[in-house]
1. I'm trying to understand the selection: among the residues of region 80-102, which are without any contact (Cβ under 8 Å) to a residue 40 or more places away in the chain and within 30 Å of L14 (Cα to Cα)?
2. Taking L95 as the residue in question, decide whether it is of a type in the set (A, V, I, L, M, F, W, C), in a helix (DSSP H, G or I) and open to solvent by less than 70 Å² (accessible area, probe 1.4 Å).
3. When only residues in region 117-139 that are in contact with a Lys or Arg (Cβ under 9 Å, 6 or more places away or on another chain) and open to solvent by 20 Å² or more (accessible area, probe 1.4 Å) count, which is farthest from L87 (Cα to Cα)?
4. Identify the residue in region 42-74 that is under 18 Å from C128 (Cα atoms) and hydroxyl-bearing (S, T, Y) and, among all such residues, is modelled with the lowest pLDDT.
5. When you look at L4, is it at pLDDT 60 or above, assigned to a helix (DSSP H, G or I) and either surrounded by 10 or more Cβ atoms within 10 Å (Cβ to Cβ) or over 15 Å from the mean Cα position of the chain (by Cα) (or both), yes or no?
6. Is there a residue being more than 18 Å from the chain's Cα centre (by Cα) and among the acidic types (D, E) anywhere in region 135-143?
7. Mind listing whichever residues of region 140-153 are surrounded by fewer than 19 Cβ atoms within 10 Å (Cβ to Cβ), at pLDDT below 90 and in a helix (DSSP H, G or I)?
Amino acid sequence: MDPLQLAATPLRLLAVGAVLLCTLGLGTVAHEYAHALALRAIGVDYEIRWLGDRGSAGLLRAGLLGTWASVRPRTVPADAPAWGVRLAALMPLTLLAPFALVVFGVLPDPLATGDPRVVAAAVAWAACALPSPQDFSVVWYAETAIERAVADD
């Protein structure tokens, strides 16, 4: 292996890591705002909590081990449709739209570029599009989530 290529390897890894972290950050923001957009469409008032479970653990521990962000309803109308709440829980899947355009040949395949930074960004973005276990809980138990939210008001 060429010595110049060896010297560049740590820098390449650092660049890939930076792209991965930045994409995860942007993807997390997009994930939460996808929920918020759908909630707003059905008339649910909400708040977005960033690093919401930090408590006394501190910012670093909350960021590494805790919840990065969450959308919490403030007020839920009693007539809020369960299908709308389910849709709001699944809205992050819309972040996969660029990958659907790849399938249809509109966009180039990011995995075919061979550039590890592009691959890292694509994988991180796709990971942010996945609904969380809490999101799936809301999908299956939307009526219960609405009842609890209305009761908390």
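The values are calculated or read from the model by the stated rules, or taken from the named source; none is laboratory data. Not measured: the values here are computed from a predicted model. Because the Cβ atoms are built from the backbone with ideal geometry, glycine has one as well, and the counts that use them run over all protein chains shown. Each accessible area value is taken on the protein alone, full model and side chains, heavy atoms only, with ligands, DNA and RNA left out. Shrake-Rupley method; radii C 1.70, N 1.55, O 1.52, S 1.80 Å.
1. Selection gives L93, L96, A97, P98, F99, A100, L101, V102.
2. It is true that L95 is of a type in the set (A, V, I, L, M, F, W, C), in a helix (DSSP H, G or I) and open to solvent by less than 70 Å² (accessible area, probe 1.4 Å).
3. Checked region 117-139; the qualifying residue farthest from L87 (Cα to Cα) is R117.
4. T67
5. no
6. There is at least one residue in region 135-143 that is more than 18 Å from the chain's Cα centre (by Cα) and among the acidic types (D, E).
7. Result: E143, T144, E147, R148, V150, A151, D152.
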